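Student: Before anything else, here's the structure in question.
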Amino acid sequence: MNTNTAISAKRYSNCKVVSVGNQKGGVAKTTTTVNLGIGLGREGRKVLVIDADPQGSLTTSLGYKNPDTMEYTLATVMDRIRHDRDIDPEEGILHHAEGVDLLPGNIDLSSLEVALVNEMSREFILKRYIDIIRDRYEYILIDCAPSLGMVTINALAASDSILIPCQAGYLPARGLAQLIRTINNVKKKRINPTLKIQGILLTMVDGRTNFAKEIMNLIEKGYGTIVPIFKKEIPMSTRVVEC
């Protein structure tokens with residue numbers, strides 16, 4: 001593989017790879033990835049965010065309005081990896097003004113998902129790429145799709161841990177059980193036996209309502225003994241929605 005560009009890049013010995021995932025949509029996965037990535041960037045950390053969602057929401061949120069027209073995305077990288085083609089670690093990486101790097105994603109990930117079904121070692125395609133680039137970053141954050149498909153499994157296989165944003169609502173809370181089962185299966189089947197759950201991050205919390213308080217208590221009682229739950233909650237904000 002092409003490593004000429006990598007030779008001149010600064011090396012980091014302890015990169016942390018974190019998936020931000022939940023199969024329920026609309027729970028602030030992308031918003032969490034963007035704000036966590038930019039926050040780390042402002043602290044002087046070298047950060048790469050990867051858009052692993054065919055909707056391209058992370059790419060759009062960082063100002064790239066038409067991700068489906070991009071020629072080089074995560075789907076391009078993974079397709080090259082599965083065909084054993086050369087990879088330039090710099091190619092396709094966008095350098096954002098907010099101090100983070102971005103590997104964009106778009107609708108091409110949907111067709112890649114289908115192509116991976118009959119692929120040998122299909123769970124490890126993304127890991128092979130991240131193993132090439134991980135010493136160039138201190139943090140790699142993967143914004144997962146709202147599904148438990150093969151691209152999401154690839155993200156879990158490549159990650160050190162998973163951060164689970166969960167909206168303070170009944171359906172998102174109910175969906176946590178399936179996600180945790182999937183994470184346990186990834187570990188038991190030795191796809192990634194060292195994968196850790198970073199924690200559940202409660203988002204869009206309206207602390208004024210009894211309903212939100214009941215949901216938070218439900219999550220605490222149901223999962224608090226087996227999964228870390230962040231004490232800091234992300235409140236509902238009308239201004240953020242308007243933005």
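The values are calculated or read from the model by the stated rules, or taken from the named source; none is laboratory data. These figures come from a predicted structure and were not determined experimentally. In this analysis, Cβ positions are derived from the backbone assuming ideal geometry, glycine residues included, and neighbour counts consider all displayed protein chains.
Student: Looking only at the range 141-162, count every residue that is under 26 Å from SER111 (Cα atoms) and either acidic (Asp, Glu) or outside any loop (DSSP other than H, G, I, E, B) (or both) and tell me the total.
Tutor: 14
Student: Looking at the range 164-173 only, could you name the residues that are buried (at least 20 other Cβ atoms within 10 Å of the Cβ) and out of contact with any helix residue (DSSP H, G or I) (no Cβ under 7 Å at 6 or more places or on another chain)?
Tutor: GLN167, PRO172
Student: Sort out which residues of the range 138-162 are surrounded by fewer than 22 Cβ atoms within 10 Å (Cβ to Cβ) and either closer than 9 Å to VAL17 by Cβ or under 10 Å from the mean Cα position of the chain (by Cα) (or both), and write them in order of number.
Tutor: Answer for the range 138-162, where residues must be surrounded by fewer than 22 Cβ atoms within 10 Å (Cβ to Cβ) and either closer than 9 Å to VAL17 by Cβ or under 10 Å from the mean Cα position of the chain (by Cα) (or both): TYR139, ASP160, SER161.
Student: Here is a further query. Could you list, in sequence order, the residues of the range 18-39 that are part of a loop (DSSP other than H, G, I, E, B) and in contact with a Pro (Cβ under 7 Å, 6 or more places away or on another chain)?
Tutor: ASN22, GLN23, LYS24, GLY25, VAL27, ALA28, listed by residue number.
Student: Further question on the same structure: Do we have ILE219 as closer than 30 Å to LEU126 by Cβ, in contact with a helix residue (DSSP H, G or I) (Cβ under 6 Å, 6 or more places away or on another chain) and either of a type in the set (Gly, Ala, Ser) or at pLDDT below 95 (or both) here?
Tutor: For ILE219, the condition - closer than 30 Å to LEU126 by Cβ, in contact with a helix residue (DSSP H, G or I) (Cβ under 6 Å, 6 or more places away or on another chain) and either of a type in the set (Gly, Ala, Ser) or at pLDDT below 95 (or both) - is met.
Student: Which residue is farthest from VAL114 (Cα to Cα), if the candidates are limited to the range 40-81 and must be part of a helix (DSSP H, G or I) and charged (D, E, K, R)?
Tutor: Ranking the qualifying residues of the range 40-81, first place goes to ARG42.
Student: Follow-up. Is it true that some residue in the range 174-190 is assigned to a loop (DSSP other than H, G, I, E, B) and out of contact with any helix residue (DSSP H, G or I) (no Cβ under 6 Å at 6 or more places or on another chain)?
Tutor: From the range 174-190, those assigned to a loop (DSSP other than H, G, I, E, B) are 189-190; that's our starting set.
Filter once more, keeping what is out of contact with any helix residue (DSSP H, G or I) (no Cβ under 6 Å at 6 or more places or on another chain): 189-190.
Yes, there is a match, as at least one residue in the range 174-190 is assigned to a loop (DSSP other than H, G, I, E, B) and out of contact with any helix residue (DSSP H, G or I) (no Cβ under 6 Å at 6 or more places or on another chain).
Student: For the range 110-132, check the following and say yes or no: at least one residue is acidic (Asp, Glu), surrounded by fewer than 16 Cβ atoms within 10 Å (Cβ to Cβ) and either within 23 Å of ARG82 (Cα to Cα) or out of contact with any helix residue (DSSP H, G or I) (no Cβ under 8 Å at 6 or more places or on another chain) (or both).
Tutor: Yes, the range 110-132 contains a residue that is acidic (Asp, Glu), surrounded by fewer than 16 Cβ atoms within 10 Å (Cβ to Cβ) and either within 23 Å of ARG82 (Cα to Cα) or out of contact with any helix residue (DSSP H, G or I) (no Cβ under 8 Å at 6 or more places or on another chain) (or both).
Student: If you don't mind, there's one more thing I want to ask. Within the range 82-121, take every residue that is charged (D, E, K, R), under 18 Å from the mean Cα position of the chain (by Cα) and assigned to a helix (DSSP H, G or I) and give me the one that is modelled with the highest pLDDT.
Tutor: Only one residue fits best here, namely ASP108.
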